[in-house]
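Each remark here refers to the structure printed beneath this line.
The values are calculated or read from the model by the stated rules, or taken from the named source; none is laboratory data. What you are looking at is a predicted structure, and each value in this text was computed from that prediction instead of being measured. With ideal geometry, Cβ positions are generated from the backbone for all residues, glycine too; neighbour counts draw on all protein chains shown. Please note that ligands, DNA and RNA were not included when accessible areas were found on the heavy atoms of the full protein model with its side chains. Shrake-Rupley method; radii C 1.70, N 1.55, O 1.52, S 1.80 Å.
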Amino acid sequence: MMSRVLSSPSPARELLLRSMALYGCLGAGGQAVAQTSPLSPAPVQAVPGQAASVPPPVLRAAQGCVEIQGPDGTWRAQTAPTEITTRLRVGTGRAVLQEGRVGQVVVGSASELRRYLGEADLLSGRFFLRGPVAVHVAGNHVVMDGAGQLRADLNGNEKRVAVIAGRLRIALKGRSIEVGAGQQIALDSGRVSAFREADPWYAAQFTGLGAASVEATRGPVSLLQRGATRVAVIGDDLQPGAALNTGAAAWAEIGFTGGGYLRLNEQSALSVVSIERTSAGREVLLRLDRGTAWNVVEKGQGGYRIDTPVVSTAVRGTVFRVDANGLVKVFDGQVALPGQMAGGQEAGTQAVSQGQQLSPGGQLVPLQLDAVDRFNIAQDAVRAQALTLSLDLPGRSLQELALLARSLPDARVTLTVAGQTVPLSGENGLFRLERLQDSLPEGQYTVTVRAQRYGQTLTRTKPITVDRTPPRLSGLAVTRVGRILTLSGVVTDAGDSRIGLGVTVGGQTYTRMVDTRKLDTQDGGRFVWSVPLPTPDASASLTLRDGADNQSHARLP
């Protein structure tokens, strides 16, 4: 008898293949595109006696990024009902297949299957099935003769089939095994254990992509996205398939739709498998390949699922830490470990509650703080500070735009005016704009200053007038009677309604304001003004000054 050994891909290769599939789905602009894949796993063993009259699997509904591979090996987006003749994969989204005459297969994000011997052969990812149904799961034939529900999870270290309702038979390791409701079978070991549903992703209606973005970074943080690696910056939108890496003494924070964040600690690597918005809230699938992830998910803000090489965590409304080596610490709420293998021994569905930690060996013990925990707790306190923003403009009329903004020292502050956005340089919470690189033409504008910090955003707007034209004086009349100087005229200005007048005589300056826009338009800008003279023939001069400090001068007779 000939036997065959199928080797499992390394975590790095698995991540690469998954990223390639997701990138092929998203393309350069986030739309479905054709993508050729040379990957083709070895065929599974045929099942003797399998009926040839069973209807083939048919795609009935598709949401998000769903692709079918053509005979030439090219992947193409598919939304219309169609028979599966080769392979089907889902990036971020969901597909519903009819399997057999009445059976159904729901294909989750980052999942792939193929047609084999007229049936669906589930290769990787997560699946929910309604019986009666007959499929292959990772090369093992699974049959549910009657009505029922089951799920198959084929991600990383987690390879299991679990029965939610009904019964199934599975051909595994040369024998037929029956699995009933409330049980699961590990495909690697063949061991049957108790099952309790803790992650019913299939029960929520998929409603499209959510959002994940970089909210803060410190030190060297790199982003691999769409085949290119660069330095990660605040505001980077993380698409499925993206990967973040942090260097020594570095960290990065990711914020999610609806709130909540993840802090990737130093010397860590995290990939985004999928991000969905469902009727039950946000659903995030992440993979931590190296290092530590600190997670803060407030109640009512959706949920996470983080896969590591040794443990998977499902969470809603909690504060917890997970390490790639399997360490899980819960500081608030509860973390579910659905059907995991802990320390080489099958743990089944398990929960880690507040004040507990699960060691890499699988032991549940009281929570013990270390330096990493203390750092993250302190950083959470810094992040919790309320964002502030105030503006200080020299005036509403300016020759050149300049301003001072005040915010928290680690905020990112930008200014937008006339379609251009520029960052403001800051120190100790003071952010300045000395001058725009390209001067604004004269006119009226709205200045918008925005401060961003850890997902918080504050915006302030101010109207300004750019004015470089001095005020004008017309109809000037000057009379001297003894030691009294009387002058009159009309002042106009393009930008300001109030113009300052200054008369200097004998080293003494007298000032007053003239309103150029009185309700009575005939009096707008008109003035009559008398000032004392030190001597009847003392020299005198007049200065006009607007709010932008534009000036005009006249020597008085």
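Structural descriptor for the chain: relative contact order 6 percent, calculated from alpha carbon pairs under 8 angstrom and at least 6 residues apart. Using the Kirkwood formula on the Cα atoms of the stretch 257-320, what hydrodynamic radius do you get, in angstrom to one decimal? This gives a value of 11.9 Å. Dipole orientation for the chain: of the candidates G443, L430, G333, G333 has the Cα lying most toward the positive pole (charges on Cβ; Lys, Arg +1; Asp, Glu -1). Overall, the stretch 75-123 carries a charge dipole of about 140 debye about its Cα centre when +1 sits on the Cβ of Lys and Arg and -1 on the Cβ of Asp and Glu, all other atoms neutral.
Principal-axis analysis of the Cα atoms of the chain puts helix 371-383 at an angle of about 40° to the longest axis. A simple rule links phi to the HN-Hα coupling: the Karplus curve 6.51 cos²θ - 1.76 cosθ + 1.60 with θ = phi - 60°, which for the stretch 285-297 gives 10, 10, 10, 9, 8, 7, x, 9, 10, 9, 10, 10, 10 Hz, with x for Gly and Pro. Just to confirm the number: angle between the C-alpha axis of helix 11-26 and the first principal axis of the chain, 0 to 90 degrees, nearest 10? Approximately 60 degrees, to the nearest ten. The heavy atoms of D72 present about 100 square angstrom of accessible area, all protein chains included, probe 1.4 Å. Counting heavy atoms of the protein chains alone, T509 has an accessible area of about 80 Å² for a 1.4 Å probe. For percent of Cα pairs over 37 Å apart, the value calculated from this model appears in (1) 37; (2) 29; (3) 49 under label (3). Applying the criteria of a DSSP loop state and at most 15 other Cβ atoms within 10 Å to the trypsin sites (Lys or Arg not before Pro) of the stretch 472-557 yields R483, R517, K518. Taking a ≥ b ≥ c as the square roots of the eigenvalues of the Cα gyration tensor, the stretch 159-263 is prolate, since a/c reaches 1.5 or more and a/b is larger than b/c.
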